[in-house]
Each structure stands twice: as C-alpha cells, then as structure tokens.
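One structure below.
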Amino acid sequence: MEIFIGVVFYLALIALMIVSAWKINTKANQPGWACIVPIYSAIVTLEIIGKPWWWILLIIFLPGINLIWLIWMTNLLSKSFGKSTGFTIGMIFLPFIFYPILGLGDATYQGPAGLK
C-alpha cells in the first residue's frame, strides 16, 4: 500500500512539473508541447532565455562545466520572467515549488534575459 501511495505521489509530482513547464513555454510564446521532447525542450529554453542553440553542445559535451551552464540557464530563465536571483536559488533547490510558481503564477515573460 505504501508503494502505491509513493507511486501516485511521484506521478502527481511529474504531472505538476510538466504542466508548469508547459505554461512557462506558452507564456514565452513557445509551443507548450516542447517541454516533453528531450533535446527540443532545451533548445526552446535557450530561445526563451536568449542564448544560441549551440549551448546545448556545451551542456552535453563538457562534463562538470555543464552544471555551471545549467545554473546560468536557470538564472536567465527566472530573470526572463522578472524574478530575482533568490528565486533562481529556489528553482535549483526546490524546483517542485518554484517552477509551478513561475508557470502557474502571475509571472509574465519580459523577454530574453540573455540579450540584456
């Protein structure tokens, strides 16, 4: 019984994260379904934050350094929606709380932060 409850909770958490990512994409005038396609979702995120597509190669082929790029991308994503660096820290350590706030809350897309 405990395993069943755990599986249901886990699936609900995954569904919440997908819905949140879908709404983040649609708020940024990108296709919502892109969040469920692995590599394409990263490319769409790069478009949202204003960075070139070839960053995906840096993330894939530079182990260790890719963590820095992923944190930077998360920071640019929160800044693209007008959020602070503190919000970025929340997105990194408590994503199941802060991504739904970004996607389902009243945050509005203010343009790619990577171009500013």
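Every number in this text was worked out from the coordinates using simple rules, so none of it is lab data. If you're wondering where the values come from, they're calculated on a predicted model, not measured in any experiment. Ideal geometry is used to build each Cβ from the backbone, glycine not excepted, and the neighbour counts take in all protein chains shown.
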From the backbone phi of the stretch 12-27, what are the Karplus-calculated ³J(HN,Hα) couplings (6.51 cos²θ - 1.76 cosθ + 1.60, θ = phi - 60°) in whole Hz, Gly and Pro given as x? 5, 5, 5, 4, 4, 5, 5, 4, 5, 5, 4, 5, 4, 5, 5, 5
Step through the residues of the stretch 47-64 one at a time and calculate ³J(HN,Hα) from phi using the Karplus curve (6.51 cos²θ - 1.76 cosθ + 1.60, θ = phi - 60°), rounding each to whole Hz and writing x for Gly and Pro. 5, 4, 8, x, 10, x, 4, 5, 4, 4, 5, 5, 5, 7, 9, 10, x, x
Please state the charge dipole magnitude for the chain, taken about the Cα centre, from unit charges on C-beta atoms (+1 on K and R, -1 on D and E), reported in debye and rounded to the nearest 20. 320
Please report how many Lys pairs in the chain have alpha carbons closer than 15 angstrom, counting only residues at least 8 apart along the chain or sitting on separate chains. 6
Relative contact order, percent, of the chain when contacts are C-alpha pairs under 8 Å separated by at least 6 residues? 30
Which whole-Hz ³J(HN,Hα) couplings does the stretch 91-104 yield from phi under the Karplus relation 6.51 cos²θ - 1.76 cosθ + 1.60, θ = phi - 60°, glycine and proline marked x? 5, 7, 8, 9, x, 5, 9, 7, 5, x, 4, 5, x, 9
Would you grab the residues whose amide H sits under 5 Å from the one on residue 110? Only those 5+ places off in sequence or on another chain, please, with H modelled 1.01 Å from N. 81, 82
Total charge of the residues flanking residue 103 in space, meaning their Cβ is under 15 Å from its Cβ, with Lys and Arg +1 and Asp and Glu -1, is +2
FRET efficiency, 1/(1 + (r/R0)^6) with R0 35 Å, evaluated for residue 2 and residue 26 via beta carbons: 0.45
